[in-house]
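To start, the structure itself, in structure tokens.
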Amino acid sequence: MAKTNIEKLKELAVDTASATQRGLTSAQDAASKAGGVALAAGRSVQHAIGDAVEHDNTKAAVAKVKGLASSATQEAKKLTGRVVDTVKAVDANHKDVADKVETVSMGLGITSGVVAAGAALAAPSGLGAIGVALGVTSAPLIVTAAPIIGAAATAAGVVSGGAYFYSKWKSKQTDEEDSEKP
């Protein structure tokens with residue numbers, strides 16, 4: 001039996017949400033691994049310096065380098081913790097995040113439309129266009145910025161769509177888990 005457009009869209013939404021969840025899990029794993037690598041690197045540097053240096057004049061410099069390596073290791077641990085906490089917070093507040101991303105996307109879309117209209121009105125024509133083509137004069141800033149703002153609006157729309165479908169998928173999972181509990 002042929003699938004209807006709604007069923008196809010539903011499958012696309014579920015696939016997108018699933019891919020977003022996998023990306024979120026991958027980000028958490030990568031942050032955790034990065035922290036472990038930074039910790040191991042810091043320890044390796046400390047051990048290598050301690051084993052290699054015995055001279056009196058360099059001990060003070062070595063102690064300072066060890067302190068810096070230790071500080072870097074601690075900061076890497078803190079950063080990893082912050083990244084994981086932020087990812088968890090985004091996952092826990094997926095509906096709020098999706099709403100905020102949608103608002104930003106809509107704002108950029110409107111801005112992009114206004115800039116595109118302004119660029120169409122401000123675009124050089126006639127001899128002015130020939131001057132711009134030859135490099136004698138510059139195109140107005142709004143004409144130069146329009147494609148960049150359009151690309152930003154497109155990217156925001158893609159992120160907004162992903163956040164929307166992820167939120168729908170996550171809500172459905174939560175509802176299913178709640179319905180399974182006695």
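The values are calculated or read from the model by the stated rules, or taken from the named source; none is laboratory data. What you see is a predicted model; the values in this text were computed from it and never measured. Positions of Cβ are backbone-derived with ideal geometry, glycine not excepted, and every protein chain shown enters the neighbour counts. Only protein heavy atoms, including side chains, enter the accessible area calculation; ligands, DNA and RNA are left aside. Shrake-Rupley method; radii C 1.70, N 1.55, O 1.52, S 1.80 Å.
Return the distance in nm (one decimal) between the two label points of a simple spin-label model at SER70 and LYS172, each offset 7 Å from Cα along Cα→Cβ.
5.3 nm
In nm, to one decimal, how far is the modelled label at ASN93 from the one at LEU12, with both set 7 Å along Cα→Cβ?
3.1 nm
Roughly speaking, to the nearest percent, how much of segment 81-178's 1.4 Å accessible area is carbon and sulfur?
67 percent
Rg to Rh for segment 96-182: what is it, with Cα atoms only and Rh by Kirkwood?
Using only Cα positions, Rg/Rh for segment 96-182 is 1.35.
Do any of LYS8/LYS168; LYS10/LYS172; LYS33/LYS77; LYS33/LYS88; LYS10/LYS181; LYS10/LYS168 go past 21 Å between their Cα atoms, and which?
LYS10/LYS181
Testing the spin-label approximation: label points 7 Å from Cα along Cα→Cβ at SER138 and ALA151. State their distance in nm.
1.8 nm
What order, most packed first, do the peptides 88-95, 157-164 have when packing is the mean number of other Cβ atoms within 10 Å of each residue?
The most tightly packed comes first, giving 157-164, 88-95.
Suppose R0 equals 35 Å. What FRET efficiency, 1/(1 + (r/R0)^6) with r the Cβ-Cβ distance, do GLN21 and MET106 give to the nearest 0.05?
Working from the Cβ atoms, E equals 0.90.
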